[in-house]
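Below you'll find the structure, written out as structure tokens, and then a few comments.
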Amino acid sequence: MVRPRLTVRVLVVLVATMAAASSRPQIARAQESTPAGDGTASSTRAVLDQYCVRCHNERTRAADLALDTTDLAHVSADADTWERVIVKLRAQTMPPGGSPRPDEATYRAAASWLETEIDAVALANPDPGRGETFHRLNRAEYHAAVRDLLAVDVDVASLLPADNTYEHGFDNNGELLSISPDLVSRYLSAARKISRLAVGTPPVGPAVATYRVHPGLLQDDRQDDRLSFGSRGGTAVRHYFPVDGEYTVKVRLHRNFSDYIIGFSTPQELDVRVDGEFVTRFSVGDADAVGQMAPLSFSGNIAGDSDWEYYMNTGDAGLEVRFPAKAGLRTVGVSFVRRLSETEGVLQPRNRGYGRFVDERYDENPGVEQVAIGGPYTVEGPGDTPSRREIFVCAPAVNDDGKACAGRILARLARRAYRRPATDREVATLMDFYESGRREGDFDAGIQFALERMLVDPDFLFRIERDPANIAPDTPYRLSAMELASRLSFFLWSSIPDDELLDAAISGRLTDPVVLEQQTRRLLSDSRSSALVDNFVSQWLRLRNLDSQQRESADYPEFDENLRHAFRRETELFVGSTIREDRSLFELLSANYTFVNERLARHYGIGGVYGDRFRRVTLGENDPRGGLLGHGGLLMVTSHPNRTSPVLRGKWLLESMLGAPPPEPPPNVPGLPDRGEGGAPASVRDRLEQHRANPVCASCHAPMDPLGFALENFDAIGSWRATSEAGLPIDSSGTMPSGVAFEGPAGLRAVLLSRGEEFAGAVTEKLLAYAVGRGLDYYDRPSVRQILRASAPDEYRWSSIILGIVKSEPFQGRRSRSDDASLTASRAPAGR
């Protein structure tokens, strides 16, 4: 049989491949005078001796640093140590609170001198670092690569597992993108499904895909821009119809815990549409006309009339329609017809939490719980889909074996799949699979089987960067033009290079700095660069953590899934607009605008916004919602389920906004007390003061907590408040170890902007790590500073930062393996 041959062969190839891989801030107190701040070796030594050596000496070695014996004449020789010192100097987190401290000018002078000494050597002899030789595509990259290669948009989340990541990095880190036999099996299965969808191969039989709607999502308004005007609730799902034929849509409505359908007291109309075209309309509800209902609030305990009970349990059983559909990706919309009326009587507060699902909610709006799409039940052909138009650029003549056409199709697709011209041997391998498939079926079947093979080829699944032949170990070298093209497209698009970028790489023109900048700007202006928001911003700002955030309904009854979705969309639109409009990074903090829909505007107290559509709104002067610091989603992911956390918020700000992550806490740190001294109610701030009474705890919390205190007016779902969880007035003032005092979001924003270069550096470090797909090390910091110096005259705009990264040594270069690694690799099989 042919199919097992594919499985065994690809498994062997992949395993062998992996075997080869391995307010302006106020100064609260006068700063002490310092010996000098002129930025020389002697002045820096004096600063270290006066402020640092007391703890960081050969005897005590605090933080494993002995600064009393270090030689400032050769700073670059111990760059790892001095880069750690620079971070502390720039963040002004050392010496610890209560100790004598230099003034700000001295901090800057000492840090600048150390940076200059390191950079002078590092930039003359750059170390580009070394990523993984075999860098597997993560799930998002695999999805985008398949989409751009075959013009088929498949939900790969159902086919492949989520990728590993770590707290300070991204899921495109090559070191964490391992592979296992189980994952190989998943890739084989995904390749088969995707290739069959792309070619239009009829399924073996009907299948059912079920799309569920979260029970916490309120369906009182138009739910999606893809649903028709005048609709209410429901859902719009993107479903891929494999062939032209007949399909079914079956709708199930939300129920409570007693299995009663919610909102069935009055008649409702439910529409089904495909790509906006009307399919059918169902009439549901009006349970008042069917028997006698159970007493209100006793449903599930006291039964109503048997007819009423039956109808309340099964009233949506007939919500199914069979209809013809064309092959391809379609939008299936299911929504209610909106009634332009308001219920009489006193408006009651909405039930939340457990109570929401035990009450029958008889008079509420019904909602869609799930949409099941089944089929095809008849097959009328593969259809005219974007994927078939992309694949079949030719067709064989009658009585022709199709080899010439197949070779043309496969060579063209392999060039893009492998991100380089395919060799004759590679095309021949694909042709072998074509002929095997052709023997079992027709021309289309042969192409499908060859595509299945292509999608599990290591050159598709991995970004492979091999060291040049005969290069000495640990030697920096430049990437080839083809490797550079892949780095560029996966950085900005999370996808494969297009033909124009590939042409520039194959011709060698991409290594020309002018051409490289042109291509970078072109990719950045393309709609596919939205991947920067989807994959970089969502991880940098932890938006992906929103889905796992839970809130106690008793503490936050106003929280719902609509608000969760709005939180994410606000930040995506906001940051996306700054990238698209090429704004300064500082606008992420200083912006006087944001993006809201009606639900989010109501949460923020912004009037005049109606409907589910997001739009840009201008905020008032010193509005706390200005910039990222006021975004509800970021405030939520840095809180606990039942309260705020100045520690989490301060830690996040240090890591993501200032590039100065605090040290990990020591083991067995006691938790925050539940109440204040003597059992009295206490705010989180007061309880943290108790916690910080321990000097060991205070040293770590001193630079973190003040930043978090400034955001205490925002509760755990980002609502503005004047009192804490304990009912006490909020104190949002903070004082950094440096003596800089501030209050509230406006004061914090001013502090961050006054340290703008550190903020820009933190963003650049994160973006560079994402771009090269590995964690940064001390030898990358000179490149980060070079990018910042080059982009400073342009006010640190997104384009200047991105261009600086693309031109940098870590992005364009790589270091060859060390002796031990080279020996191991030389003994490994070639993998093909």
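Specify, per residue and in Å³, the volume enclosed by the convex hull of the alpha carbon atoms belonging to the chain.
Taking the convex hull of the Cα positions in the chain, it is 197 Å³ per residue.
Using a 1.4 Å probe, how large is the accessible area of TRP540, given in Å² and rounded to the nearest 10?
10 Å²
Under 19 Å Cα to Cα from LYS250, which aspartates and glutamates show up? Leave out anything in the same chain fewer than 8 places away.
Answer for LYS250, where 19 Å is the Cα cut-off: ASP259, GLU269, ASP271, ASP275, GLU277, ASP316, GLU320, GLU369, listed by chain and number.
Counting only the heavy atoms of the protein chains, how much of PHE614 is accessible to a 1.4 Å probe, in Å² to the nearest 10?
Here the accessible area works out near 50 Å².
Let me make sure I get this right: for segment 62-183, a, b and c are the square roots of the gyration tensor eigenvalues over alpha carbons, sorted descending. Under 1.5 in a/c it's rounded, otherwise prolate if a/b > b/c, else oblate. Which is it?
Cα axes put segment 62-183 in the prolate bin.
With all protein chains present, calculate the accessible area of THR235 using a 1.4 Å probe and round the result to the nearest 10 Å².
30 Å²
With the full set of protein chains in place, find how many percent of the accessible area of segment 154-243 is carbon and sulfur; take the probe as 1.4 Å.
Answer for segment 154-243 is 53 percent, counting heavy atoms of protein chains only.
For segment 748-762, what does the Karplus curve 6.51 cos²θ - 1.76 cosθ + 1.60, with θ = phi - 60°, yield as ³J(HN,Hα) per residue in whole Hz, taken in order and with x for Gly and Pro?
Each residue of segment 748-762 in turn: 5, 4, 5, 5, 5, 5, 5, 10, x, 5, 5, 4, 4, x, 5 Hz.
Set Lys and Arg Cβ to +1 and Asp and Glu Cβ to -1, take the dipole of the chain about its Cα centre, and tell me which of TRP798, VAL53, VAL337 lies farthest positive.
TRP798
Check the straight Cα-Cα distances from LYS651 and name the lysines below 17 Å, setting aside those fewer than 8 residues away within the same chain.
LYS88, LYS766
Tell me which residues come under 5 Å, amide H to amide H, from SER231 once H is placed; ignore anything under 5 positions away on its chain.
Here the answer is ARG338, since their amide H atoms fall under 5 Å of that of SER231.
With a ≥ b ≥ c the root eigenvalues of the C-alpha gyration tensor of segment 170-315, is it rounded (a/c under 1.5), prolate (a/b larger than b/c) or oblate?
Prolate, because a/c is 1.5 or more and a/b exceeds b/c.
Under 14 Å between alpha carbons, and skipping anything fewer than 8 positions from LYS193 in its own chain: which aspartates and glutamates qualify?
Once the sequence-local aspartates and glutamates are set aside, what remains near LYS193 is ASP153, ASP155, GLU452.
Amide H neighbours of SER733 under 5 Å, at least 5 residues apart or on other chains, H built in the peptide plane: list them.
The list, which skips near neighbours in sequence, is GLY744.
log10 I(q)/I(0), Debye, Cα-only segment 411-479, no solvent, q = 0.19, 0.26 Å⁻¹?
-0.76, -1.10
Would you mind pulling out the separation of the Cα centroids of segment 203-268 and segment 713-735, in Å?
Spelled out, the Cα-based centre of one part sits 40 Å from the other.
For the chain, with the dipole built from +1 on Lys and Arg beta-carbon atoms and -1 on Asp and Glu ones, taken about the Cα centre, which of GLY407, LEU159, PRO267 lies farthest toward the positive end?
GLY407
For the chain, build the charge dipole from Cβ charges (+1 Lys, Arg; -1 Asp, Glu) around the Cα centre, then report which of SER732, SER530, ALA145 sits farthest towards its positive end.
Checking the options against the dipole of the chain, the answer is ALA145.
Quick one: order ASP119, ASP444 from most to least accessible surface, probe 1.4 Å.
Most to least solvent-accessible, the answer reads ASP444, ASP119.
Under 4.7 Å Cβ to Cβ, no partner at all: give me those cysteines from the chain, in residue order.
CYS52, CYS55, CYS697, CYS700
Remind me, what semi-axes does segment 502-581 give for its equivalent ellipsoid, largest first in whole Å, using sqrt of 5 times each Cα gyration tensor eigenvalue?
Whole-Å semi-axes of the equivalent ellipsoid: 40, 11, 8.
Rounded, prolate or oblate: which one fits segment 691-754, using the alpha carbon gyration tensor with axes a ≥ b ≥ c (rounded when a/c is under 1.5, else prolate when a/b beats b/c, else oblate)?
It is oblate, given that a/c is not under 1.5 and a/b is not larger than b/c.
Treat every Asp and Glu Cβ in the chain as -1 and every Lys and Arg Cβ as +1, leave all other atoms uncharged, and give the resulting dipole magnitude about the Cα centre to the nearest 20 debye.
1340 debye
Can you sort GLU725, GLU440, GLU380, GLU483 by solvent-accessible area, 1.4 Å probe, largest first?
Final ranking, largest accessible area leading: GLU380, GLU440, GLU725, GLU483.
The values are calculated or read from the model by the stated rules, or taken from the named source; none is laboratory data. Keep in mind the model is a prediction, meaning the values are calculated, not measured. Every residue, glycine among them, receives a Cβ derived from its backbone with ideal geometry; neighbour counts consider all protein chains shown. Just so you know, the surface numbers come from the protein's heavy atoms only, side chains and all, with ligands and any DNA or RNA stripped out. Shrake-Rupley method; radii C 1.70, N 1.55, O 1.52, S 1.80 Å.
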